[in-house]
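The values are calculated or read from the model by the stated rules, or taken from the named source; none is laboratory data. Because the structure is a prediction, the values reported are computed rather than measured. Don't worry about glycine lacking a Cβ; one is built from the backbone with ideal geometry, like all the others, and counts go over all protein chains shown. SASA here: full protein model, heavy atoms, side chains in, ligands and nucleic acids out. Shrake-Rupley method; radii C 1.70, N 1.55, O 1.52, S 1.80 Å.
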Amino acid sequence: MRVDHIAIAVKDLDDAVKVYSALFGKEPDHFEEVEEQKVKTAIFYLGDVRIELLEPTSDDSPIAKFLAKRGEGLHHVSYKVDDIKSKLLELKNAGFRLINEEPRIGAEGKLIAFIHPKSVVGVLTELTQDIKE
Ligand code: CO
């Protein structure tokens with residue numbers, strides 16, 4: 001497994017983009033609205049890892065709920081795997097609590113699935129698999 005991206009929940013995407021553009025010395029590489037997750041996102045490519053800033057687009061977005069409960073900050077860490085379905089099964093059999101038993105479509109059209117933070121030492125954890133062309 002390799003780190004694919006680190007996602008940070010923010011209240012105001014424009015404000016957060018200013019902060020991270022100043023930190024990284026460049027503008028975001030990609031902007032996208034992900035309707036299924038009810039978020040808009042700005043993505044910075046940093047070598048092999050991406051940093052995603054997530055702002056909710058609706059009060060019932062999972063990110064809106066996270067912000068209300070925990071405030072701004074680290075939302076999840078995502079790890080790239082070659083075969084997300086078999087990895088999910090392997091983790092389930094190892095006792096991990098899966099939020100998504102089946103992969104869903106996330107930002108940039110990738111397959112994603114979440115593992116509950118309670119089974120990963122307090123960090124919401126995502127698996128990502130690139131769609132093969
Ligand atoms: Co993610």
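Observations on the structure shown:
- Whole-Å distance, taken between Cα centres, linking the stretch 3-38 and the stretch 83-124: 22 Å
- Among the trypsin sites (Lys or Arg not before Pro) in the stretch 71-133, those placed in a DSSP loop whose Cβ has at most 11 other Cβ atoms within 10 Å are K132.
- Spin-label model, E32/K65: points 7 Å from Cα along the beta carbon direction are separated by 2.3 nm.
- Within the accessible area of the stretch 16-83, the carbon and sulfur atoms contribute 50%, probe 1.4 Å, all protein chains present.
- K18/I105 FRET efficiency (R0 35 Å; Cβ-Cβ; nearest 0.05): 0.75
- Semi-axes of the equivalent ellipsoid of the stretch 19-100 are 26, 19, 12 Å, computed as sqrt(5λ) over the eigenvalues of the C-alpha gyration tensor in descending order.
- Sorting 29-39, 50-60 by their mean Cβ neighbour count within 10 Å, with the most densely packed peptide first, gives 50-60, 29-39.
- Divide the volume of the convex hull around the Cα atoms of the stretch 1-59 by the residue count and you get 83 Å³ per residue.
- In straight-distance terms, cross-link reach from K85 covers every one of the aspartates and glutamates whose alpha-carbon lies under 12 Å from its own, apart from those fewer than eight places away in the same chain; here that gives E101, E102.
- Averaged over its residues, the chain has an accessible area of 57 Å² per residue, based on protein heavy atoms and a 1.4 Å probe.
- Per residue of the chain, the DSSP helices (runs of n ≥ 4 H) give a summed -39500 (n - 2.57) that works out to -7000 deg cm²/dmol at 222 nm.
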